[in-house]
Amino acid sequence: MKTVVNLFHPQLEQSRVNRAWGERLASDPSITVRRLYELYPDGKINVALEQAVMEAHERIVFQHPLRWYSVPPLMKQWLDDVLTYGWAYGSTGKALHGKEWLSCISTGGPADSYQAGAYNHYAMSEILKPLQQTANLIGMTYLPPFVFHSADSV
């Protein structure tokens with residue numbers, strides 16, 4: 001299965017977890033790792049290129065830190081720009097149907113803080129619902145996310 005990892009970390013060189021993941025994954029010849037903040041430092045995303053990359057892979061991994069209970073800014077922009085009507089969704093938007101979506105996420109807080117009634121009030125499954133629904137809308141299979149907690153203290 002051809003896998004691409006879209007690594008979205010605005011300060012990757014300061015990251016311990018995401019940087020280590022990216023380096024390890026890049027050493028596997030069967031995995032393509034793309035550091036999106038390096039590819040688009042100006043925020044101008046090449047939509048045609050990104051769509052071609054997505055079409056060429058069966059499993060699409062979105063690797064990023066959890067930022068304000070969401071995704072980093074460039075990932076949000078990437079989703080807005082790349083997942084276009086008529087290509088990713090809509091009556092003719094079937095380019096990603098049947099592909100797999102995997103979220104690999106790091107958090108600063110401990111796992112027990114991401115529970116109903118805990119410090120963050122919500123479980124990770126609730127926080128990640130917008131990503132899951134995006135995958136649903138565009139016909140992708142949303143795989144159970146891989147979440148690494150307490151990244152700030154490793």
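The values are calculated or read from the model by the stated rules, or taken from the named source; none is laboratory data. Computed from a predicted structure; not experimentally measured. Every residue, glycine among them, receives a Cβ derived from its backbone with ideal geometry; neighbour counts consider all protein chains shown. Ligands, DNA and RNA are stripped out before the accessible areas are found, and what is left, the full protein with its side chains, is counted by its heavy atoms. Shrake-Rupley method; radii C 1.70, N 1.55, O 1.52, S 1.80 Å.
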Residue-normalised accessible area of region 1-114, expressed per residue, 1.4 Å probe, Å²:
49
In deg cm²/dmol, rounded to 500, what helix-only [θ] at 222 nm does the chain give when every DSSP H run of at least 4 residues adds -39500 (n - 2.57) and the total is split over its residues?
-8000 deg cm²/dmol
Mind pulling the angle between the C-alpha long axis of helix 73-82 and the longest principal axis of the chain? Nearest 10 degrees, somewhere in 0 to 90.
20
Rounded percent of accessible protein surface that carbon and sulfur make up, the chain, 1.4 Å probe:
55
Would you grab the residues whose amide H sits under 5 Å from the one on residue 33? Only those 5+ places off in sequence or on another chain, please, with H modelled 1.01 Å from N.
5
What number do you get for the chain when its Cα radius of gyration is normalised by 2.2 N^0.38 Å, N = residues?
1.03
Using unit Cβ charges (K, R positive; D, E negative) and no other charged atoms, how large, in debye to the nearest 20, is the dipole of the chain about its Cα centre?
120
